[in-house]
Amino acid sequence: MRDVVDTHLHVWDLAGDGYGWVPPGSELHRSFLPDEAVGELARAGIGSAVLVQADDTLADTGFMLEAAASHDALVGVVGWVRLDTAREAGAQLADHVAHPAFRGVRHLVHDDPRDDFLALPDVRRSLREVARHGLAFDVPDAWPRHLDAVAALARDLPELTVVVDHLAKPPRGTDQMAAWERSLRAVAAASPRTVAKVSGLQAPGQPFTEAALRPVLEVALDAFGPGRLMYGGDWPMTVPQGGYLPHWEVVSRLVAELSPDEQDALLSGTARRVYRLTAQEV
């Protein structure tokens, strides 16, 4: 069986505060706990995953770190720190890196009202600390508001590993695909330390099939190469479209069109390098 690391899995507990972005009454408006997440991985035959923050709170990060400590399949955590206040971010990073599963930082930039968030002086100072700790910085849903800023960030902080989640959310089925492609290619060219996730590619009203996704993957492969791409399941965001396994089946069939070495890179090799996962962990 081919080794697969899912680099983008969420868990959350709505019994507490936070997660205000989850639409009330939707299929996502319930708790998705670690045991359920691990069960979804097992049903798909996937051995390990990296948890990624779903709320800009320390409570969400703490919940993920606890989950990783108690579930062998959850091998890493991309959490949150207050990037726009460098002193706080430094102290929070110092606490987080004491946990062996902490592997990266993310902020929900698409929900932040500041268009210039990634250029703020304190954010830049905080991200230098992220890089100093050897951590990755994930950027969600970057198109259209933040993708050009991601390229500028990567150029200005060449020591930072920048991860473009969900291929920046390509606007499939719209006339903006060419503009998305130009911006994504600029990110890839900005630094060899930029990488991207083949994840979260569902688009409203658009089919989720190999044929529909192939043009997007071809752009990503040409821009980044398989050694700078990695798979993410984005569960439970896939639940309204059928859940983990149907999503994985489409993506895995598409990836199977690549050479064995390319598949290994996209499905596990890049993940190991970017998130510093050892063979024992995965």
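The values are calculated or read from the model by the stated rules, or taken from the named source; none is laboratory data. These figures come from a predicted structure and were not determined experimentally. Please note: Cβ atoms are built from the backbone with ideal geometry, for glycine as well, and neighbour counts cover all protein chains shown. What goes into the accessible areas is simple: the full protein's heavy atoms, side chains included, and nothing from ligands, DNA or RNA. Shrake-Rupley method; radii C 1.70, N 1.55, O 1.52, S 1.80 Å.
For the pair residue 97 and residue 120, how long in nm is the line joining their label points, each one 7 Å along Cα→Cβ?
2.2 nm
Modelled label-to-label distance, residue 239 and residue 2, 7 Å Cα→beta-carbon offset: nm?
2.8 nm
How much length is gained on full extension from residue 30 to residue 211, taking 0.36 nm per residue of separation minus their Cα-Cα distance?
Roughly 61.9 nm would be gained on extension.
Could you give the nm distance between label points at residue 13 and residue 42, where each point is 7 Å from its Cα heading toward the beta carbon?
Placing both labels 7 Å beyond Cα along the Cβ direction yields 2.0 nm.
Please calculate how many Å² of accessible area the stretch 76-227 carries per residue, with a 1.4 Å probe and no DNA, RNA or ligand atoms counted.
I get 39 Å² per residue for the stretch 76-227.
Alpha carbon centre of the stretch 125-164 versus the stretch 226-265: separation in Å?
The distance from the Cα centre of the stretch 125-164 to that of the stretch 226-265 comes to 23 Å.
Expressed as a fraction of 2.2 N^0.38 Å, the rule-of-thumb size for a compact globular protein of N residues, what is the C-alpha radius of gyration of the chain?
Ratio of Rg to 2.2 N^0.38 Å for the chain: 0.92.
Which order, highest average first, do 188-194, 204-210 follow once you tally other Cβ atoms within 10 Å for each residue and take the mean per peptide?
188-194, 204-210
Let me have the relative contact order for the chain, percent, based on Cα pairs under 8 Å that are six or more residues apart.
Over the chain, the number comes to 19 percent.
To the nearest 20 debye, what is the magnitude of the charge dipole of the stretch 216-274 about its Cα centre, counting +1 on the Cβ of each Lys and Arg and -1 on the Cβ of each Asp and Glu?
The dipole magnitude comes to about 240 debye.
Using per-residue counts of other Cβ atoms within 10 Å, averaged over each peptide, order 226-234, 93-101, 133-141 from highest down.
226-234, 133-141, 93-101
Taking all protein chains as present, what is the carbon and sulfur share of the accessible area of the chain, in % to the nearest whole number, probe 1.4 Å?
Percent of accessible area from carbon and sulfur atoms in the chain: 53.
Would you please give the FRET efficiency between residue 72 and residue 259, computed as 1/(1 + (r/R0)^6) with r the Cβ-Cβ distance and R0 = 45 Å, to the nearest 0.05?
The value I calculate is 0.90.
When the Kirkwood hydrodynamic radius is evaluated over all pairs of different C-alpha atoms of the stretch 109-203, what value in angstrom, to one decimal, is obtained?
For the stretch 109-203, the Kirkwood estimate is 13.4 Å.
Express the Stokes-Einstein translational diffusion coefficient of the stretch 79-146 in µm² s⁻¹, to the nearest whole number, given a Kirkwood radius over alpha-carbon pairs, 20 °C and a viscosity of 1.002 mPa s.
176 µm²/s
Per residue, how large is the accessible surface of the stretch 11-67? Use a 1.4 angstrom probe and give square angstrom.
43 Å²
Give me the Kirkwood hydrodynamic radius of the stretch 1-92, using the inverse of the mean 1/r over all pairs of distinct Cα atoms, in Å to one decimal.
When all Cα pairs of the stretch 1-92 are included, the Kirkwood radius is 14.1 Å.
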